[in-house]
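**Student:** Below you will find the structure I want to go over with you.
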Amino acid sequence: GKRGGRAMSDWVVNENWAGDGVNAESDVLGSIEAMKHSSGTEKVAVIREELQADMMDKASVFRTEESLAAADAKIIELRERYSRVTIDDKGPTFNYDLTEALELGNLIDLAETVVLGARARTESRGAHWRDDFPKRNDDEWMQHTLVTRAENGDVSLSYKPVTQGPYTPMERKY
């Protein structure tokens, strides 16, 4: 336990963090207040169902550039509609309506992350299968994909090398 604690402490101190976290809550509090006072016409459940169906249909395990591009376009549409979402419960306590609305925003972000990373990764690996790129490509893609959103909303990809353990990575063959 003691060695583990020291290792975690060293890792936290030496890790390259994306931001300093100062006033990180201000954006969330602003989103909560905007959601509580929204007079929009879009319903959380409708957008969530559309997102779920589209991701299952176009960005599930078997993908192509065409299907991922269609999913990307749908995510853009749903994000725009999400800006007009309204909730019925405006109360401050145990507000599951608000919780679901905030979770939907996170699901849209996650869907965008999955699709952006999948479009860039021109190979098939594990649970990511590209019909248009059926071969695994360790030379180019033995790396972690990181997605970052800038303050202006733009999303960018970067990569981090894989630290290999005692097992040599290999293609799954059935």
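**Student:** I'd like the orientation of helix 44-58 relative to the chain: the angle between its Cα long axis and the longest Cα principal axis, in ° from 0 to 90, rounded to 10.
**Tutor:** Approximately 20 degrees, to the nearest ten.
**Student:** Further question on the same structure: Report for segment 26-174 the percent antiparallel among DSSP-assigned beta bridges with both residues inside it, nearest 5. Mind showing how you got there, number by number?
**Tutor:** On the way: 9 of 13 bridges.
If we restrict to bridges inside segment 26-174, about 70 percent are antiparallel.
**Student:** Say a paramagnetic label sat at a point 7 Å from the Cα of GLU66, along Cα to Cβ; which residues of segment 127-167 have their backbone N under 17 Å from it?
**Tutor:** Answer for segment 127-167: 130-134.
**Student:** Sort segment 1-120 into rounded, prolate or oblate with this rule: let a ≥ b ≥ c be the square roots of the eigenvalues of the Cα gyration tensor; rounded if a/c is under 1.5, and if a/c is not under 1.5, prolate when a/b is larger than b/c, oblate otherwise. Let's see the in-between values first.
**Tutor:** Working: a/c = 2.42, a/b = 1.20, b/c = 2.02.
Oblate.
**Student:** Excluding ligands and nucleic acids, what accessible area in Å² is computed for TRP129 using a 1.4 Å probe, to the nearest 10?
**Tutor:** Its accessible surface works out to 90 Å², give or take rounding.
**Student:** Specify the angular offset, from 0 to 90 degrees and rounded to the nearest 10, of the alpha carbon long axis of helix 2-14 from the longest principal axis of the alpha carbons in the chain.
**Tutor:** Once rounded, the angle reads 70 degrees.
**Student:** Return the single residue from GLN164, GLN143, GLN52 with maximal mean-square fluctuation; model: Gaussian network over the chain, springs between Cα atoms under 10 Å.
**Tutor:** Comparing GLN164, GLN143, GLN52 in a Gaussian network model of the chain, the most mobile one is GLN164.
**Student:** Moving on. Which net charge results when you count Lys and Arg as +1 and Asp and Glu as -1 among the other residues whose beta-carbon is under 11 Å from that of SER67? Can you show the working numbers first?
**Tutor:** Numbers: positive: LYS58, ARG63, LYS74, ARG119, ARG130; negative: ASP54, ASP57, GLU65, GLU66, ASP72, ASP131, ASP132.
In short, -2.
**Student:** Which of the aspartates and glutamates could a cross-linker bridge to LYS58, judged by Cα under 20 Å and excluding same-chain residues fewer than eight apart?
**Tutor:** GLU49, GLU50, GLU66, ASP72, GLU77, GLU80, ASP109, GLU112, GLU123, ASP131, ASP132
**Student:** What dipole magnitude, in Debye to the nearest 20, does the chain give about its Cα centre under +1 on Lys/Arg Cβ and -1 on Asp/Glu Cβ? It would help to have the intermediate numbers written out before the result.
**Tutor:** Details: 23 positive and 32 negative charges, 154 e Å.
With only Lys, Arg, Asp and Glu charged at Cβ, the dipole is about 740 debye.
**Student:** Of the residues ALA69, ALA24, ALA127, which exhibits the maximal mean-square fluctuation in a Gaussian network model of the chain defined by a 10 Å Cα contact cut-off?
**Tutor:** ALA24
**Student:** Using each residue's phi in segment 120-128, evaluate 6.51 cos²θ - 1.76 cosθ + 1.60 at θ = phi - 60° and report the 3J(HN,Hα) Karplus result to the nearest Hz, with x for Gly and Pro.
**Tutor:** So the Karplus estimates, Gly and Pro as x, are 6, 7, 8, 6, 10, 7, x, 7, 10 Hz.
**Student:** Determine the relative contact order of the chain: mean sequence separation of Cα pairs under 8 Å and six or more apart, normalised by residue count, in whole percent. Kindly include the intermediate steps, with their values, before the conclusion.
**Tutor:** Numbers: 160 pairs, mean separation 32.9, N = 174.
Across the chain, relative contact order equals 19 percent.
**Student:** Continuing with the same structure: Estimate the FRET efficiency between VAL46 and HIS144 by the formula 1/(1 + (r/R0)^6), using the beta-carbon distance for r and 45 Å for R0, to the nearest 0.05.
**Tutor:** Working: r = 34 Å, r/R0 = 0.76.
Step by step, r from the Cβ atoms, then E = 0.85.
**Student:** Here's another thing I want to ask about it. Mind checking which of ASP97, ASP139, ASP54 has the largest fluctuation in a GNM of the chain, springs on alpha carbons under 10 Å?
**Tutor:** ASP139
The values are calculated or read from the model by the stated rules, or taken from the named source; none is laboratory data. The structure presented is a predicted model; accordingly, all values stated were derived computationally and were not measured. As a convention, Cβ positions derive from the backbone with ideal geometry for all residues, glycine included, and neighbour counts pool all protein chains shown. All accessible areas refer to the heavy atoms of the entire protein, side chains included, with ligands and DNA or RNA removed. Shrake-Rupley method; radii C 1.70, N 1.55, O 1.52, S 1.80 Å.
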